[in-house]
Amino acid sequence: MRKILTLTLSLLCLLAGATLAVAAAPEAKVAPANAGPQPPAVFPDATVTEGFEGNLVPPAGWTLDTTNAAYPWEIATIGTAHGGTYFANVEYDPALVPQLEALYSPLLVRPITLSVSFWSQGSVYWCRDDYDNCDLDIYLDEDNIFGNGNETLVHTADALWPGNWTWTNSVLDLTAQVAGEDRYVAFVYQGVDGAQVGLDDIVIDYEEGVVPVQVSVLEIPTLGLAGLVGLGLLLAAAAAFVLSRRG
Ligand SMILES: [Ca+2]
Ligand SMILES: [Ca+2]
Ligand SMILES: [Ca+2]
């Protein structure tokens, strides 16, 4: 047992020494070995396009937060798509059960710019002019759960509709609304005694911000301190196993 303990402590001391040897001394005259160039900054330009031509709601990577399961976002069976064959819609519930139906985009990773374009249609009679019984609202959300207080309303699409059942393009520049923090775009139908609302040909375009690089003094390129300690414990366990086999 003493042999195992000694071996373990020796390994840990050796590893700690090796780690400290990598750290730059304050009075060093030259850069430490691990002070190489940082990875180049990457600004990927990401685009999410969705025209529902997969005949599926939610499409792959998208999610729903549904309150009225009888009348959620789904592939429309009435009406004509803006593009292709299919579009998404919410139909009104004739039982007048309240509807709060959110269709969430895939996660937008660290957006520092953001534009959203989509086409929608519905009834200005039921959703705006004669009765304001339904809205198609667009939110930015910190998660894909609707109504937990971290949503920001950025647009109401029915405000733009020129008439009943007329496909209308909403184009939103939302760069001022993002600051490099992960977001979802939510397309939200809400109403009671409303009317069918259609949605098609969505384009979400954003630039992804860079992850801040934080370099620890004790950091080494491959394993790091935690990795080295983990490796040390692993080696000690292996040594203990070998010694125990030898009796
Ligand atoms: Ca379509
Ligand atoms: Ca409305
Ligand atoms: Ca939320």
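FYI, it's all coordinate maths here, none of it is from the lab. No experiment lies behind these values; they were computed from the predicted model shown. Because the Cβ atoms are built from the backbone with ideal geometry, glycine has one as well, and the counts that use them run over all protein chains shown.
Working only within the range 116-145, note down all residues that are surrounded by fewer than 16 Cβ atoms within 10 Å (Cβ to Cβ) and in a strand (DSSP E or B).
SER117
Scan the range 185-213 for residues that are β-branched (Val, Ile, Thr) and touching an Asp or Glu at 6+ places or on another chain (Cβ under 9 Å) and jot them down.
Of all residues in the range 185-213, those β-branched (Val, Ile, Thr) come to 185, 188, 192, 197, 202-204, 210-211, 213.
Of everything in the range 185-213, those that are β-branched (Val, Ile, Thr) and touching an Asp or Glu at 6+ places or on another chain (Cβ under 9 Å) turn out to be VAL185, VAL188, VAL192, VAL197, ILE202, VAL203, ILE204.
Which of the residues belonging to the range 154-194 are under 16 Å from the mean Cα position of the chain (by Cα) and surrounded by fewer than 18 Cβ atoms within 10 Å (Cβ to Cβ)?
Selection gives GLN177, ALA179, GLY180, GLU181, ASP182.
Going by the conditions given, is THR77 in a strand (DSSP E or B) and away from ligand 2 (no atom under 16 Å from the Cβ)? Full working, then the answer.
Numbers: in a strand (DSSP E or B): no; away from ligand 2 (no atom under 16 Å from the Cβ): yes.
The answer is no for THR77.
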